[in-house]
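Colleague: My questions will all concern the structure given below.
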Amino acid sequence: MIITKDKTAQALMDRVQELSGVDLSVCYQCKKCTSGCPVAQMVQYSPAEIIRQLHLQAGDELLDHEIIWACASCETCTTRCPMGIDGSAIMDALRQISLEQNKASQAEGKVALFNKAFLKTVELFGRSYEIGMIAAYKLGSGKLMNDTDKFPTMLKKGKLAILPPTGADKATVKRIFKKTKESK
Ligand code: SF4
Ligand code: SF4
């Protein structure tokens, strides 16, 4: 792996630490996070390698790495770390910065679009609404007919609800979204 020292590096490291609340300097590269990560084998760089790249002053190139988008936020890395490093929060921070700077590549951009579609339905309905999310994703990606053959079976088995969810505390959820946007 070749890491090019980048002038954006310190700013990126500071922002990741600020957003995640993690002190990256305490990571001593034991790799316990990586050995439990369900996606580490499928991506180019593992959670421990991402942290090491931050230590070694990699800059905005980090914002396009697959793991940022493949991360399932399962928090296995967080629970395994002997230093209490919240790896899941680091991935969240990198995702947020990547979106802000429009750095996700085309493939990863689809995951970003999926994320946005999911969050929009939570903001509107107070909890996730799968059909709304699918519609927003399909409109955004232009892949209107992909996987539509599964739709009738999912409806029949009760895996998708036609109507939006009810009973959520929409006002509180909207307030959380508003505060989060204001704090950016
Ligand atoms: S488990 Fe913690 S200390 Fe070990 S490599 Fe991962 S983040 Fe660093
Ligand atoms: S939260 Fe993400 S990086 Fe951490 S173990 Fe789970 S998938 Fe891997």
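Computed from the coordinates by the stated procedures, all read-outs in this text should not be read as laboratory data. Being a predicted model, the structure only gives us computed values, none of them experimental. For neighbour counting, all protein chains shown are included, and Cβ atoms are generated from backbone atoms with ideal geometry for every residue, glycine included.
Colleague: Would you look at the GNM of the chain, springs on alpha carbons closer than 10 Å, and say which of LYS150, LYS32, LYS110 moves the most?
Modeller: Top of the fluctuation ranking is LYS150.
Colleague: At a threshold of 8 angstrom on Cα-Cα distance, excluding pairs fewer than six apart, so keeping six or more, what relative contact order does region 60-100 reach in percent? Let's see the in-between values first.
Modeller: Details: 29 pairs, mean separation 18.3, N = 41.
Rounded, it is 45 percent for region 60-100.
Colleague: Under 20 Å Cα to Cα from LYS138, which aspartates and glutamates show up? Leave out anything in the same chain fewer than 8 places away.
Modeller: GLU108, GLU123, GLU130, ASP147, ASP149
Colleague: Would you work out the relative contact order for the chain, in percent, from Cα pairs under 8 angstrom that are 6 or more residues apart? If you can, show how the numbers build up before the last one.
Modeller: Details: 203 pairs, mean separation 34.4, N = 184.
Across the chain, relative contact order equals 19 percent.
Colleague: Now for a different question. Work out from phi, with θ = phi - 60° and the Karplus expression 6.51 cos²θ - 1.76 cosθ + 1.60, the ³J(HN,Hα) of each residue of region 30-45, listed in order in whole Hz, and give x for Gly and Pro.
Modeller: Each residue's phi maps through the Karplus curve to give 6, 6, 4, 4, 5, 5, x, 6, x, 10, 4, 6, 9, 10, 5, 10 Hz.
Colleague: Based on Cβ point charges of +1 for Lys and Arg and -1 for Asp and Glu, what charge dipole magnitude is obtained for the chain about its Cα centre, in debye rounded to the nearest 20?
Modeller: In debye, rounded to 20, the chain gives about 720.
Colleague: From the cross-link list LYS159/LYS179; LYS143/LYS174; LYS120/LYS181; LYS7/LYS31, which pairs have alpha carbons spaced over 22 Å apart?
Modeller: Details: LYS159/LYS179 32 Å; LYS143/LYS174 29 Å; LYS120/LYS181 13 Å; LYS7/LYS31 27 Å.
Pairs exceeding the cut-off: LYS159/LYS179; LYS143/LYS174; LYS7/LYS31.
Colleague: Quick check: from the Cα gyration tensor, does region 25-70 come out rounded (a/c under 1.5), prolate or oblate?
Modeller: On the way: a/c = 2.73, a/b = 1.05, b/c = 2.59.
It comes out oblate by the Cα gyration axes.
Colleague: Which helices, counted as full DSSP H runs in the chain, have an axial Cα extent of no less than 18 Å and a Kyte-Doolittle average of -0.5 or above? Walk me through the numbers before you get to the answer.
Modeller: Values: long enough: 87-100 (20 Å, 0.36); 106-125 (28 Å, 0.34); 170-183 (20 Å, -1.17).
Membrane-span-like by this rule: 87-100, 106-125.
Colleague: Here is a follow-up. No partner Cβ under 4.7 angstrom, meaning no disulfide-compatible partner by this rule: which Cys of the chain qualify?
Modeller: Taking the Cβ cut-off of 4.7 Å, the unpaired cysteines of the chain are CYS27, CYS30, CYS37, CYS71, CYS74, CYS81.
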